[in-house]
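S.K.: Submitted below is the structure of interest, expressed as structure tokens.
The values are calculated or read from the model by the stated rules, or taken from the named source; none is laboratory data. Everything numeric in this text was worked out from a predicted model, so none of it was measured. Cβ: placed from backbone, ideal geometry, glycine included. Neighbour counts: every protein chain shown.
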């Protein structure tokens, strides 16, 4: 009797192994097909690249991580000994003449020129850097070159720039866009399936709804991971990329909300554009608006998973613990995702029980 039970278990295991292997092959084949559809569509391919593009635009506007290191340009009137003093407080570029120095000062980044005239220090600035920059630069350069002998020993410490409100809002919005893009891109592929009639074939195939959902969530997750990593490296926040990636993993159901909302309410590309116009404010502008709301009134945002994405990003950027906000992003998104998935299954006649 014992031999029969063991034999039956072995036979069952042999039967299940090919079935599982076939399911895994089918899953990865569906994911590969998903990416082929995405990169075949020009709009979808552009959306995939948009986090990197936005990061480059961010750098052009604000500079890499809002860098605050003093940069100076000098000409031959500044001696080698004086240059050595300046090198202890700033990055220094030496130019062959004053005209080249002035041309460097006129460029877009904040660089001050230092010229010696009759033993006095003259600091050249473009004029649009702000009064605080001009006064601080003149004072630092004057004190540095006015000392005799060696400078007082000191220890330098790098402190991350806090940045302006515009800097913070723009960075968080860009990172939220990176999370949003993955779900929206895969949602457009569902619209293609509905428009071409392929979704009808899927609904009557042996594939279960759970399997179909997995083939959509996995590409959305990969695109979210790619977008967050690309944006983080480009803007000079490489040290924070692991936390960005963990947030992207915890946001997988938020991406799924966007994916299946687009798939449920748009049956062609024109309708999809309209749905995207509604989802972009919900996905990015609504959570960022909490920045301008007093803390005691922010409980109205607690039911919105994107709000917790915003809180997680704010905590990461400020160096505070963010794991709790990431977990809340995942937990709060569960009922929303299930509700949207229910609407999608009704719209497409996809039976949950299969």
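S.K.: Got at least one residue in the stretch 249-259 being under 24 Å from residue 232 (Cα atoms), in contact with a helix residue (DSSP H, G or I) (Cβ under 7 Å, 6 or more places away or on another chain), in contact (Cβ under 8 Å) with a residue 40 or more places away in the chain and not in a helix (DSSP H, G or I)?
M.R.: For the stretch 249-259, residues under 24 Å from residue 232 (Cα atoms), in contact with a helix residue (DSSP H, G or I) (Cβ under 7 Å, 6 or more places away or on another chain), in contact (Cβ under 8 Å) with a residue 40 or more places away in the chain and not in a helix (DSSP H, G or I): present.
S.K.: Is it the case that some residue within the stretch 109-132 is in a helix (DSSP H, G or I), within 15 Å of residue 71 (Cβ to Cβ), touching a strand residue (DSSP E or B) at 6+ places or on another chain (Cβ under 8 Å) and modelled with pLDDT of 80 or more?
M.R.: no
S.K.: Within the stretch 70-90, how many residues are in a strand (DSSP E or B) and surrounded by fewer than 18 Cβ atoms within 10 Å (Cβ to Cβ)?
M.R.: Of the residues in the stretch 70-90, 1 are in a strand (DSSP E or B) and surrounded by fewer than 18 Cβ atoms within 10 Å (Cβ to Cβ).
S.K.: Now, a different point. Among 316, 262, which is the only one that is within 23 Å of residue 45 (Cα to Cα), touching a residue at least 60 places away in the same chain (Cβ under 8 Å) and touching a helix residue (DSSP H, G or I) at 6+ places or on another chain (Cβ under 6 Å)?
M.R.: None of the others qualify; the one that does is 262.
S.K.: Quick check on this structure: which one of 342, 283 is within 24 Å of the chain's Cα centre (by Cα) and surrounded by 13 or more Cβ atoms within 10 Å (Cβ to Cβ)?
M.R.: After applying the criteria, what remains is 283.
S.K.: Still on this structure, I have one more. Identify, from the list 277, 347, the residue that is at pLDDT below 90, under 21 Å from residue 212 (Cβ atoms) and not in a loop (DSSP other than H, G, I, E, B).
M.R.: Of 277, 347, the one residue that is at pLDDT below 90, under 21 Å from residue 212 (Cβ atoms) and not in a loop (DSSP other than H, G, I, E, B) is 347.
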